[in-house]
Every structure is written in C-alpha cells, then in structure tokens.
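The values are calculated or read from the model by the stated rules, or taken from the named source; none is laboratory data. Everything numeric in this text was worked out from a predicted model, so none of it was measured. So basically every Cβ, Gly included, is an ideal-geometry build from the backbone, and we count neighbours across all protein chains shown. Note: areas computed on protein heavy atoms with side chains; ligands, DNA, RNA excluded. Shrake-Rupley method; radii C 1.70, N 1.55, O 1.52, S 1.80 Å.
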Amino acid sequence: MTPGYGGGPQGGQPWGMGAGMMGDGSGPMMGWRDPNAPGRGRFAMMDANEDGTVTAEEAASQADMVFTSMDADDNGSLTVEEFMSVRMGPQDGLDADRQAAMQARKAARFDPMDSDTNGTVSKAEFIAASKAHFDAADADGDGKTTPWEIRAQNWN
C-alpha cells in the first residue's frame, strides 16, 4: 500500500487519505484539511468554521496571518525578499519547472501590490490586494466564496 493512502488502523478504504488531522484515515473525506491534498489546502485553511465557504472575515484573517508570517523583521512592511522567501500553499516542490513557474507568478504580484512604489509592501497594501483578490473571486457578490469561485478566479 502507498504510504498516506487508505489503511487507517481499522484497515480503511482504498480511497481514504490515510491518517492525518481529520482522524484515522478510514473515510472518503480524509485529507480535506491536509494542506498537501491536491486542491484542498488553501481553501480549507481559510474556511475556519469548516462550513464550505470562505467569508470576507475569514479571508481577511488569513491575509493578516500570511502577512505576519512573511514579515520576517516585524517592521510592518514586506521586501520582495521577504515576500518570496515564504512558500505558501499545498505543494511539495517536487516538480522544479512547475515550482519555478509558480515562483515567477508570485514575484509578478509584488510590484502591483506596492501602490506607493516605494519598493516595499505595507500591511495596508497587502490587505488591499488580498481584498481585491477575494472580491474578484466572489462572483455572485454574496460576501463569501465557494471552492468553485476560488478555483474559477485562480484559473483566470
């Protein structure tokens, strides 16, 4: 059996995700909150109350937490080096070409966030960019996003 799939202590189902944060790995939904489960990590991390949607408050809290984790010198602004040094999201980094493409996409987001063009991104600029990203994903304007809205926005 492949490590991490199926076979919890009770044997599990072959379609389970293995033991992890959600229990023993014996059910079909195991891995939902596993940040390395394909397509699951970021949304599940933002969905604090696990209701299947991400509200503006949940998204804002996540953006605040991400900014804080990136701000290595705790000075309230991000340099491009700080921004690039934290790898966020569900990936293992095993595909070097894909990782390079993802890092290039991330680097391209820095300058547009720096609205005052001073070479750093303040917390206010980061939060504003995060809000714009959330608003763009909230296709129906109901103040919350679903996995479908998030994925559709990220595909564009």
- Note on the structure: Filtering region 121-133 down to residues that are part of a helix (DSSP H, G or I) and open to solvent by less than 70 Å² (accessible area, probe 1.4 Å) yields E125, F126, I127, A128, A129, S130, A132
- Out of all the residues in region 65-72, is one or more farther than 22 Å from E50 by Cβ and outside any helix (DSSP H, G or I)? yes
- Message: Looking at K131 and the list (1) in contact (Cβ under 8 Å) with a residue 24 or more places away in the chain; (2) more than 23 Å from G76 (Cβ to Cβ), which single condition is not satisfied?
- Response: (2)
- Query: Does region 134-151 contain any residue that is of a type in the set (G, A, S), under 13 Å from V54 (Cβ atoms) and crowded, with 16+ Cβ neighbours inside 10 Å?
  - Reply: yes
- Task: Using the structure shown, decide if T117 is among the β-branched types (V, I, T), open to solvent by 60 Å² or more (accessible area, probe 1.4 Å) and under 20 Å from M45 (Cβ atoms).
- Result: no
- In the list M30, M113, M88, which residue meets the criterion of being aliphatic (A, V, I, L, M), under 20 Å from Q153 (Cα atoms) and at pLDDT below 85? M88
- Task: Enumerate the pairs (first residue in region 98-114 and surrounded by fewer than 12 Cβ atoms within 10 Å (Cβ to Cβ); second residue anywhere and small (G, A, S) and assigned to a helix (DSSP H, G or I)) with beta-carbon separation below 9 Å, excluding pairs fewer than 6 apart on the same chain, so at least 6 apart or on different chains.
- Result: P112/A129
- Got a number for residues in region 46-61 being in contact (Cβ under 8 Å) with a residue 40 or more places away in the chain and either among the polar types (S, T, N, Q) or assigned to a helix (DSSP H, G or I) (or both)? 5
